[in-house]
Amino acid sequence: MTRKLVRGPVGAAILSLAAVTIAASPGCKGRIGGGGAAPGAAGPSPGSSAGTAGASVAGGAGTGGAVATADGGVVPLVTSACVSAPPNPGRSPLRRLNLSEYAATVKDLLGVDTTVTNTFPPDQLLATQGAGFTNNADALVVTALLANAYMTAAEQFATAAVMDLSSLLPCDQTKVGEDACAQQFIADFGRRAFRRTLSADEKTQYFNLYTTGKTGAAFADGISLALEGFLQSPSFLYRVEKGAPASPTDEVAPVTSFEMATRLSYFLWGTTPDKTLLDVAEADQLQTPDQISAQVTRLMGDPRAHDAVTKFHTEWLNLAVIPTLDKDKALFPEWTPAIALDLFNEAETFVDKTFWGDAKSDAFFASSGSYANAELATFYGLPAPSGAGFQPVSFDPTQRRGLLTMGGILAANAKENQTSPVLRGKFVREQLLCQTLPPPPANLVIMPPQVTPGTTTRQRFAMHETQALCASCHTLMDGMGVGFENYDPLGRWRTTDQGLPIDASGTIVGTADLNGMFDGVVDLAGKFAQSEEARQCLVTQWFRFANGRAEVADDACTLQRLYQGFEDSAHDMRDLVTKLAVSDAFRYRSMKGGGQ
């Protein structure tokens, strides 16, 4: 098949957007240690229409909490003020499809092999608070290298797709005529690819591409070139939104039904809307909370929702690093890639079963059960479960409870040859309490204390709190992290360290409702199961994932309503998903400054 590529206008359209970036504000961007430290978790969130550099949330509904902005300001969360407050959705940045969304979308549209996307430049995470999700708009820029990858992939996908024209086209060109069939294809595929109805001008543009590709060649060449154009268009690669303002001066506007369909589908499925969702959008039936909730229920009943929910938990808890972990072979010959993968699968199975089963956030911290196969059960010192694959197992409730004692998470937040109170405390502060830790002093060389015979990890790390430059941060991290010392660098239970008894007591400071002493992680997990601050952090993390950005001061009322709704539902995570979809931040977009 002779190919006649017209790359200029299409490629230029992408490259013109390659410079579109949402610059991160200056602030705390330091990272502590390596190993399994969660990426992109510390620092203020970028930009806000209120002129702040970002916001972090403490306290909340029923506790007299506030949104503390990065410039030192405070926005109080006053229930009475938020009850009648008009919609204030915060920033509405332009969002590129991340690589997993892009691959899933192409797969759904064309049914072709998308493994070539594994060679694309990886999505980068900003080292700022709230950027720990790969759908964060501020990190999803297009470089020239990525634009070229899009162009090459579009050619490959189009070539593969037209090999089976009968499956690709909505018509039979031998019966209705090639040009008429091409027009039907452009209207039908364009609606699916752009997630909205094409304008008359767009239909003409893509028909002209088809005509150019067909001239001197074949019908399939014309369809292929039109496909390449669709797959390289900003309307495909980006989730372009304009909203539906009632007047040009409106600072806030509801998103259109097509834009809502896109928001829902990428939030709950991680891919493009299906025909049902597009049909509902075309009928403009995605405007009211009831209309939106009905579609949330439908989408949550689809297996693809399991994948999206798992992705949220995997990125929130930084589970993806577990299979890549390496440990000191001389000290831990039992650590293998197979065990690392089993620990990863255990964590993903646990969060999936908890979310879709109990659905209460408390179970994340209160459960003494998990899931293991025969090999992982042996690793943990448990009897092999009956049945193949991952089956329910029960731990000694005095040794393990929920996420805080999960082997993979503990191993990820440890070093190759020793535990790390710093990494474990940092993980809890940033991921489970949504706290922003200050950066380490400039030019400080960060090295963990060397393992020395006859001294425990607790003793070696005690020096942090005696050094003035380190004490303020390490009191926050180490004071909590030393309570994890009953778990070795692989995440297994132990009672001694270097032959000495372990002191697993810890001290928590700097929180709203967790301050005080605790004795071991099982005790700590019980406190987290009852903590409103921990629940609010979970809501905040879901907010970031659903909206593809960090929270800002304008989101104060939205967050307060979500916090209160989560309490009213007895901490039901599936109910939270619905409440997110009908929240101001999700239903509306800011038109101020272009909404960016």
What is the one condition in (1) farther than 16 Å from L227 by Cα; (2) of a type in the set (A, V, I, L, M, F, W, C); (3) free of Cβ contacts under 8 Å to residues at least 60 places away in the same chain; (4) in contact with a helix residue (DSSP H, G or I) (Cβ under 6 Å, 6 or more places away or on another chain) that F133 does not satisfy?
-> (3)
Answer yes or no: is there a residue in region 568-581 that is part of a loop (DSSP other than H, G, I, E, B), farther than 23 Å from W269 by Cβ and touching a Lys or Arg at 6+ places or on another chain (Cβ under 7 Å).
-> yes
Which pairs have Cβ atoms under 7 Å, sit 6 or more apart or on different chains, and link a residue in region 273-285 that is in contact (Cβ under 8 Å) with a residue 40 or more places away in the chain to one that is assigned to a loop (DSSP other than H, G, I, E, B) and among the basic types (K, R)?
-> P273/R195
Among the residues of region 491-507, is any closer than 30 Å to E375 by Cα and within 24 Å of the chain's Cα centre (by Cα)?
-> no
Condition met for F543 (of a type in the set (F, W, Y), open to solvent by less than 10 Å² (accessible area, probe 1.4 Å) and out of contact with any Asp or Glu (no Cβ under 9 Å at 6 or more places or on another chain)) = no
State whether one or more residues within region 215-228 are over 30 Å from F427 (Cβ atoms), open to solvent by 60 Å² or more (accessible area, probe 1.4 Å) and either in a helix (DSSP H, G or I) or free of Cβ contacts under 8 Å to residues at least 12 places away in the same chain (or both).
-> no
Please determine, by comparing only the residues of region 78-102 that are in a helix (DSSP H, G or I) and touching a Phe, Trp or Tyr at 6+ places or on another chain (Cβ under 9 Å), which one is farthest from A149 (Cα to Cα).
-> E101
G270 versus (1) farther than 27 Å from K353 by Cβ; (2) in contact with an Asp or Glu (Cβ under 8 Å, 6 or more places away or on another chain); (3) not acidic (D, E); (4) not in a helix (DSSP H, G or I): which is the lone unmet condition?
-> (1)
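When the residues of region 342-375 are filtered to those that are in a strand (DSSP E or B) and among the hydroxyl-bearing types (S, T, Y), which remaining residue is least open to solvent (accessible area, probe 1.4 Å)?
Initial filter on region 342-375 (in a strand (DSSP E or B)): 360, 369-372.
Subset that is among the hydroxyl-bearing types (S, T, Y): 370-371.
Details: S370: 4, Y371: 48 Å².
The extreme case among them is S370.
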Helices (runs of 4 or more DSSP H) enclosed by region 376-482 - at least 1 residues per element that are at pLDDT below 85 and touching an Asp or Glu at 6+ places or on another chain (Cβ under 9 Å) | 457-461, 468-481
Mind counting the residues in region 562-596 that are crowded, with 19+ Cβ neighbours inside 10 Å and basic (K, R)?
-> 3
Taking region 202-214, which residues are open to solvent by 70 Å² or more (accessible area, probe 1.4 Å) and within 19 Å of F258 (Cα to Cα)?
-> K203
Within region 564-596, which residues are touching a Leu at 6+ places or on another chain (Cβ under 9 Å), within 18 Å of P86 (Cα to Cα) and among the hydroxyl-bearing types (S, T, Y)?
-> S583
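Can you confirm whether region 581-596 contains a residue that is farther than 26 Å from F364 by Cβ, of a type in the set (A, V, I, L, M) and in contact (Cβ under 8 Å) with a residue 24 or more places away in the chain?
yes
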Identify all residues within region 315-335 that are surrounded by 14 or more Cβ atoms within 10 Å (Cβ to Cβ) and either assigned to a helix (DSSP H, G or I) or of a type outside the set (A, V, I, L, M) (or both); write none if there are none.
-> E315, W316, N318, L319, A320, V321, I322, P323, K327, D328, F332, W335
Scan (1) in a helix (DSSP H, G or I); (2) touching a strand residue (DSSP E or B) at 6+ places or on another chain (Cβ under 7 Å); (3) open to solvent by 40 Å² or more (accessible area, probe 1.4 Å) for the single condition A244 breaks and write down its number.
-> (1)
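Residue by residue through region 504-519, note down the ones that are open to solvent by 10 Å² or more (accessible area, probe 1.4 Å) and either of a type outside the set (S, T, N, Q) or over 28 Å from L580 (Cβ atoms) (or both). Reasoning before the result, please.
Initial filter on region 504-519 (open to solvent by 10 Å² or more (accessible area, probe 1.4 Å)): 505, 507, 509-513, 515-517, 519.
Matches in region 504-519: S505, T507, V509, G510, A512, D513, N515, G516, M517, D519.
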If you go through F364, F379, F350, the only one that is farther than 18 Å from P323 by Cα and of a type in the set (F, W, Y) is F364
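The values are calculated or read from the model by the stated rules, or taken from the named source; none is laboratory data. Quantities reported herein were computed from a predicted structural model and do not represent experimental measurements. Note that each Cβ is placed from the backbone with ideal geometry, even for glycine, and that neighbours are counted across all protein chains shown. Note: accessible area is taken over every heavy atom of the protein model, side chains too, but ligands, DNA and RNA are not part of it. Shrake-Rupley method; radii C 1.70, N 1.55, O 1.52, S 1.80 Å.
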